[in-house]
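Bear in mind that the values in this text are calculations on the coordinates, not laboratory data. Computed from a prediction, not measured in an experiment: that's the story for all the values here. Ideal geometry is used to build each Cβ from the backbone, glycine not excepted, and the neighbour counts take in all protein chains shown.
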Amino acid sequence: MTHALIRRFDRVDYSPCWQAMKAFTDQRTGDTPDELWALEHPAVFTLGQAGKPEHVLNPGPIPVVNSDRGGQVTYHGPGQTVIYLLIDIGRLGIGSRELVSRIEQAIVAMLAERNIHAAANPDAPGVYVDGAKIASLGLRIRHGRSYHGLSLNRDVNLADFQRINPCGYAGQPITSLALLGADADRQRCEQALLAQLQKQFHYTELRDAIALPDWYNDAHTDQTEML
């Protein structure tokens, strides 16, 4: 498979998006193109499979969701780009470590375009700028296929990270593109990051999906009715 499908969503609740990822992964076949979902979530804390509740210090009004991804606790919210990578890694012939490495390299290259020197940490997945975390990774692999993905802090409320021990590390510094004085425009950042992911996974083409899936239409309708 030489191309991947891109789905661009606005702001969507975490839980219906997560369930849709699981359903897509369970239902896909060997011929199903990979998909990359670019979106934002409303403020939410998610606990990975190994997540310890004690790392959620003071959630306040922000909901906490137990997720099936790897890792500890992380935060998602407005001003943060999330890209979910629904990839058939068995078809690509790579393993989980290579998957993580390619995602990290894509983020590092995207930041380098903005004159930001960043690096991965082999002992703590993610991407860091002078020790401060700017991007997190959390993945799940089922039957050789991945879901969940990455989050990149563009202009997120960094104070909300103080409500947790990010990724299980007390006092972990967090940074963002805005804090570093870099371009934090959502559309431009997502396009640049998708371009780097295309290079890392050797897709000849990224095709934009035209129709929105039913699960998103339903979730979006539910949110509208609640306003």
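When peptides 130-143, 199-212 are ranked by their average number of other Cβ atoms within 10 Å per residue, the highest-first order is 130-143, 199-212. I want to check the label-to-label distance for ASP214 and GLU54. Put each point 7 Å from Cα in the C-beta direction and report it in nm to one decimal. Going by the 7 Å Cα→Cβ label model, 4.5 nm.
Given that just one value was derived from the coordinates, which of [x] 0.93; [y] 0.96; [z] 1.07 is Rg/Rh (Cα atoms, Kirkwood Rh)? From the options [x] 0.93; [y] 0.96; [z] 1.07, the structure gives [x]. For region 3-207, the relative contact order comes to 24 percent (Cα pairs under 8 Å, sequence separation of at least 6).
If you take all other residues with their beta carbon under 10 Å from the beta carbon of HIS143, and give Lys and Arg +1 and Asp and Glu -1, the sum is +1.
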